[in-house]
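The values are calculated or read from the model by the stated rules, or taken from the named source; none is laboratory data. Predicted model only: the values in this text are computed from it and were never measured. Cβ coordinates were reconstructed from backbone atoms using ideal geometry, including for glycine residues, and neighbour counts include every protein chain displayed.
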Amino acid sequence: MSRDKNFIALLLTLGLHAGVLLLASGYPLHHVSPAKVPQTAEKIVFLELIPPPRQPLPEPPSAPPTRPITVPPPNPALAAPAPAPAPSPDRPLASMAAPPPPTAEEWAFAANYTNKNSKGYRYSWGQQVRSMMGTAVEGPDQGVVRFRIEIAPDGSLTQLQTLWTTSAKAEQLARQAIQNMPPLPPTPTGKPLIFDKTISFSPFANDGPPIYRDDCLPEPPVFRNPFAWDGKSPQVVTAPTPTAPLEPQALADCLRQLPKDSVEAETARDQRLMDQWGSSKTGR
């Protein structure tokens with residue numbers, strides 16, 4: 001171990017002495033740079049984008065040959081309803097006999113009932129006309145006719161106007177019955193009675209007795225469009241005007257005239273509701 005240390009110390013001593021001799025002898029000491037690698041010149045390359053040559057546009061495809069438009073046959077379910085076929089000889093034609101004319105008691109009640117524009121008188125008048133028209137038979141002669149009638153205070157007819165009709169035969173029979181009507185009692189109010197009346201000449205409809213129990217209630221307000229405007233006057237939204245109830249004395253007089261509704265009147269009312277609104281409204 002000591003021998004190695006001595007050897008290293010000897011080498012260091014020799015190295016120091018050699019460096020001193022070199023410096024004393026003036027031997028030039030300088031750093032020699034490595035040789036430079038020759039640099040290559042940079043090349044600049046310019047690229048020019050040349051658009052490809054235009055290709056001719058493809059020709060539009062030729063239109064397919066036109067085919068005639070075929071209209072499908074009409075759907076029988078959507079077509080206009082065909083006229084009712086004539087009844088077979090095996091089935092008899094439907095018919096309804098003329099109702100009986102009003103009795104003397106019914107005319108006596110009608111001549112004194114003033115409520116609702118003489119409601120009882122108007123019904124008895126129409127019942128009298130229908131009873132004189134005869135039996136209604138199913139076919140082209142059935143239909144309805146609506147008149148505007150004016151009756152003088154003494155019960156005589158002063159005006160008869162046809163508003164519309166669906167059967168010339170029904171109108172003819174109704175006018176013939178009106179001309180041959182027996183003398184009628186005076187009007188209940190002693191004033192001319194003006195009203196519209198529909199006469200049904202059909203085996204499937206019957207003008208049953210009216211209901212009188214609600215005749216003393218106020219009339220419901222008549223609907224009018226609150227936004228109707230003539231384009232000139234100021235716009236005003238009008239509200240429906242409720243009908244005022246009857247005075248106590250007038251209400252008492254009205255209630256005194258009310259008859260007891262009959263079973264026939266209730267049945268006729270239910271039938272009218274069934275025809276107008278369907279079974280869901282009457283609970284049947």
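When we screen 194, 199 for residues that are touching a helix residue (DSSP H, G or I) at 6+ places or on another chain (Cβ under 7 Å) and assigned by TED's automatic domain parsing to the domain that holds residue 137, the only hit is 199. For segment 158-172, the criterion of a residue being closer than 22 Å to residue 106 by Cβ and modelled with pLDDT of 95 or more is satisfied by no position.
Answer yes or no as to whether residue 178 is under 17 Å from residue 128 (Cβ atoms) and in contact with a Pro (Cβ under 9 Å, 6 or more places away or on another chain). Against the criterion (under 17 Å from residue 128 (Cβ atoms) and in contact with a Pro (Cβ under 9 Å, 6 or more places away or on another chain)), residue 178 does not qualify. Among the candidates 203, 218, the residue that is surrounded by 12 or more Cβ atoms within 10 Å (Cβ to Cβ) and part of a loop (DSSP other than H, G, I, E, B) is uniquely 203.
Of all residue pairs spaced 6 or more apart or on separate chains, those with beta-carbon atoms under 7 Å, a first member in segment 120-140 that is closer than 30 Å to residue 213 by Cα and part of a helix (DSSP H, G or I) and a second member that is acidic (Asp, Glu) and modelled with pLDDT under 95 are 124/106; 126/207; 130/207. Only one of the numbered conditions (1) at pLDDT 95 or above; (2) touching a Cys at 6+ places or on another chain (Cβ under 8 Å); (3) not charged (D, E, K, R) is violated by residue 115, and that is (1). Within segment 145-179, being closer than 14 Å to residue 202 by Cβ, free of Cβ contacts under 8 Å to residues at least 24 places away in the same chain and part of a strand (DSSP E or B) holds for one residue alone: 165.
Scanning segment 248-262 for residues that are free of Cβ contacts under 8 Å to residues at least 24 places away in the same chain and of a type in the set (A, V, I, L, M) yields 250, 252.
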